[in-house]
Structures are given as C-alpha cells and as structure tokens.
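Heads up, the thing below is written out as structure tokens.
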C-alpha cells in the first residue's frame with residue numbers, strides 16, 4: 001500500500017469503530033503496511049478487535065502505550081481527519 005492508502009485504511013477503522021468492522025475480514029496483512037508506525041497501529045487495532053474492545057482513538061492510544069509505543073494520540077486523530085480530505 002502507499003502511505004496515503006495506509007492512512008486511509010487506519011483512519012477508516014478508527015472512525016467506524018468496533019461494531020462496524022465486519023470488513024476487517026478482508027483486511028490487509030500486517031506486511032502490507034510499509035510504515036513502521038502504521039504497522040504498530042494495525043497490530044493494536046487487531047489486538048483490540050480480538051478481545052472485543054472498541055476501536056477508537058482513545059482505546060488504540062492506550063493499547064499503543066501499553067505496548068511501549070510513543071505514537072502520539074494526535075497522530076491517530078490526524079488519521080481520522082485525513083478521511084475528510086483535510087490535511088491536519
């Protein structure tokens with residue numbers, strides 16, 4: 001995937017949340033994410049999904065923090081803003 005496609009995919013997942021993630025069955029493989037930070041976000045989303053947790057900026061940020069990641073919550077918010085075609 002291109003970086004913009006990665007951002008769009010992650011942003012969509014963060015925006016629609018857990019209950020509407022049936023389309024996750026057709027999710028790309030982790031290796032499709034070329035940007036390391038995006039792979040970490042993807043892993044956090046997948047882990048939360050497996051445990052039936054909601055998917056949103058707050059829960060993903062908390063999961064990333066538990067994993068020792070220093071990805072800022074602001075970046076997760078930026079991913080959802082990019083869905084509207086706006087640049088943060």
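Since every read-out is calculated from the coordinates, none of them should be taken as a lab result. Everything numeric in this text was worked out from a predicted model, so none of it was measured. Positions of Cβ are generated from backbone atoms using ideal geometry, with glycine treated the same way; all protein chains shown enter the neighbour counts.
Quick check on the exposure proxy: order 29, 7 from fewest to most C-beta atoms within 10 angstrom.
29, 7
Using a 7 Å offset from the Cα along the Cα-to-Cβ direction at both residue 47 and residue 15, what is the distance between the two label points in nm, to one decimal?
Placing both labels 7 Å beyond Cα along the Cβ direction yields 2.6 nm.
Calculate, in nm to one decimal, what residue 81 and residue 31 gain on full extension: separation in residues at 0.36 nm each, minus their alpha carbon distance.
The residue 81-residue 31 span can extend by a further 15.6 nm.
Let me have the relative contact order for the range 3-84, percent, based on Cα pairs under 8 Å that are six or more residues apart.
Across the range 3-84, relative contact order equals 43 percent.
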